[in-house]
1. What whole-number value in Å² describes the accessible area per residue of region B:124-215 for a 1.4 Å probe?
2. Using DSSP, restrict attention to beta bridges with both residues in chain B and report what percent are antiparallel, rounded to the nearest 5.
3. Sorting check: for A:64-72, B:148-156, A:201-209, which peptide has the highest mean count of neighbouring beta carbons within 10 Å, and how do the rest follow?
4. From other protein chains only, count the Cβ atoms within 10 Å of every residue's Cβ in B:49-55, then give the mean.
5. Let me check the size of region B:7-147 from its C-alpha atoms; what are the radius of gyration and Dmax in Å?
6. For chain B, set up a GNM with springs between Cα atoms under 10 Å and report which of B:A38, B:A115, B:A57 has the largest fluctuation.
7. Which of these, B:V101, B:V75, B:V18, has the largest mean-square fluctuation under a Gaussian network model of chain B (Cα springs below 10 Å)?
8. In deg cm²/dmol, rounded to 500, what helix-only [θ] at 222 nm does the protein assembly as shown give when every DSSP H run of at least 4 residues adds -39500 (n - 2.57) and the total is split over its residues?
Amino acid sequence: MATPAVKVYGWAISPFVSRALLALEEAGVDYELVPMSRQAGDHRRPEHLARNPFEKVPVLEDGDLTLFESRAIARHVLRKHKPELLGTAGNLEQAALVDVWLEVEAHQLSPLAIAIVVECIFTPFLGRERNQAVVDENVEKLKKVLEVYEARLSQSKYLAGDFLSLADLSHFTIMHCFMATEYATLVEALPHVSAWWESLAARPATKKVAEFMPVGTAGAPQK
Amino acid sequence: MAPVKVFGSAVFANAARVMACLEEVGLEYEVVEVDYTAKEHKGPQQLSKNPFGQIPAFQDGDTMLFESRAIAKYVLRKYSKPAQVDLLREGNPEEAAMVDVWTEVEAHTYLPAIAPIFYECVVYPARLGTSSNQKVVEESLEKLKKVLDVYEAHLSKNKYLYLAGDFFSFADLNHFPYTFYFMTTSHASLFDSYPSVKAWWGRLMARPSVKKISDGMVLRA
């Protein structure tokens, strides 16, 4: 069997790396994950800096292309293999709505969810205590943001409309981590957000990627 | 046909982002002022246009959009042909991917480093009457230097005129609003240490679209 033409570099437990992997899984593209160690500082070694001078993961190599930034990677994969998930097969407004809710994920939801996830799940790996004040502040903001999602998802099945898109998929990996914290109740309390989350999590591709991110066993409080 | 509308003036960096794209495609547009001090952006009328209560929002006939980068892409996709402008390069997958990469870098790496300097040195003193938090400014300057080290190497090593290659793109244009505001602060001279970055910025500022919109960005230090 030939080595896949597509390589992803990084540690799969990162929701950013796994965002890239999810795009590849949804598109049905063969790829090789080249594991790296955050602890060992692999992202700061010269061979990685040659791929991503910003010292981050993931990096995707696709033939002659070397890409970084998980959402740019996801767009590239889908543009090439499954453009309907970008809404570009439809009209301009559909593509725009995909972009809108991708921006919302990036700027409104993820910063808050990531802050909560870092404190609740990843602080042991960072060698420090959880900062509950940071958690509380972000939980309050996230409640308000999720109200907007609830209103949106009561009007359409998915975020950009009645079709699944990268806008929805881009949420999966960070929400998978978030749902392993005790603040999952924020989502569970909202019927439409909850149903949307369940349908995302039920997809074969998301189930597969969820296994790359065993955050439930990383010391998160048991429900 | 009614002109498209931008809700929020060019004083708001993210509204300026959208307007620069409208200027690039030469589309007529109307600017609807939103009274930030009166919290008009949080009022019911504006919330119906942008449910997160932020500026800008955008209207093109029945299409209502928010999030400046999403609005900008819609404008570029719909109106680029007559203007013979191609800032997204979506017809060329490799080029489009590089535009996306550096657009993400602006949003997630460049902006978090440069924006706090603008807020501390310009916005908070003007709007809240506070003096700038020097600790935040110093930390941001350190972050920005590291980011500019990478930009400098990227532009000079590849001898690229622009970030995604030798073509001006959406990725470059996205850097305009916050960089412009940073350049109105006393820290502007930081760019002197980065000759390729400074030259790239000069190319951006020379564009008619950027010159025109920056004239309306009057929240100065």
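1. 47
2. 65
3. A:64-72, B:148-156, A:201-209
4. On the way: counts 0, 2, 8, 6, 2, 2, 0.
Per residue, the average neighbour count from other chains is 3.
5. Cα only, region B:7-147: 17.1, 48 Å (Rg, Dmax).
6. It is B:A38.
7. Among B:V101, B:V75, B:V18, the largest GNM mean-square fluctuation belongs to B:V101.
8. Value at 222 nm, helices only: -15000 deg cm²/dmol.
The values are calculated or read from the model by the stated rules, or taken from the named source; none is laboratory data. For clarity, every value in this text was computed on a predicted model and none was experimentally measured. Reconstructed Cβ throughout: ideal geometry from the backbone, glycine too, with neighbour counts over all protein chains shown. Areas reflect the complete protein model, heavy atoms only, side chains present, ligands, DNA and RNA absent. Shrake-Rupley method; radii C 1.70, N 1.55, O 1.52, S 1.80 Å.
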